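No lab work stands behind these numbers, since they all come straight from the coordinates. Bear in mind the structure is a predicted one, so any value in this text is a computation, not a measurement. Positions of Cβ are backbone-derived with ideal geometry, glycine not excepted, and every protein chain shown enters the neighbour counts.
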Amino acid sequence: MSYIYESLTEYQVTNAIYEDEHNGFDYDQSKALAEYLYELVVDTDTPIELDLVGIRCEWTAYDSWQDLQASYSEYDEMVLAELETMAEPEDSEMLLLAEQFLSENTQYIRVNDTFLVYSY
């Protein structure tokens with residue numbers, strides 16, 4: 001099967017992701033994902049197709065570590081174990097725990113205090 005490819009700028013990819021009303025990503029998250037995809041193209045030297053439906057299915061935005069904890073029982077167990085060793089954890093410590101969990105289990109992009117998580 002033959003295809004016609006159109007090259008997109010990072011700005012165009014960002015806007016396409018952001019304007020997709022079904023994914024729920026804010027502009028900063030859309031930009032971070034576009035940057036990630038561009039780095040993937042450069043690192044692999046392979047063009048990729050911008051598949052907005054695939055992005056919706058494969059990536060999920062979490063607005064806080066609390067949202068992440070509510071969605072992953074394994075993360076919840078890890079947090080409970082860590083909380084036993086901490087007095088009153090700061091949000092920054094909880095964000096680091098979230099990053100530790102994600103780095104051990106999937107791909108993710110941290111955007112400020114939010115996370116884009118690749119479904120595993």
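Structure data summary
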{"item": "C-alpha long axis of helix 10-19 to longest principal axis of the chain, angle in °", "result": "70"}
{"item": "Cα-only Debye scattering, the chain: base-10 log of I(q)/I(0) at q = 0.09, 0.14, 0.16, 0.17 Å⁻¹", "result": "-0.30, -0.65, -0.80, -0.88"}
{"item": "Rounded to 10°, Cα long-axis angle of helix 73-83 versus longest principal axis of the chain", "result": "40"}
{"item": "The chain: calculated mean residue ellipticity at 222 nm from DSSP helix runs of at least 4, using -39500 (n - 2.57)", "result": "-17500 deg cm²/dmol"}
{"item": "Farthest toward positive dipole pole in the stretch 10-118 [+1 Lys/Arg, -1 Asp/Glu at C-beta], among 79, 98, 14", "result": "14"}
{"item": "Charge dipole magnitude, Cβ of K and R +1, D and E -1 - the stretch 10-118, Cα centre, debye nearest 20", "result": "280"}
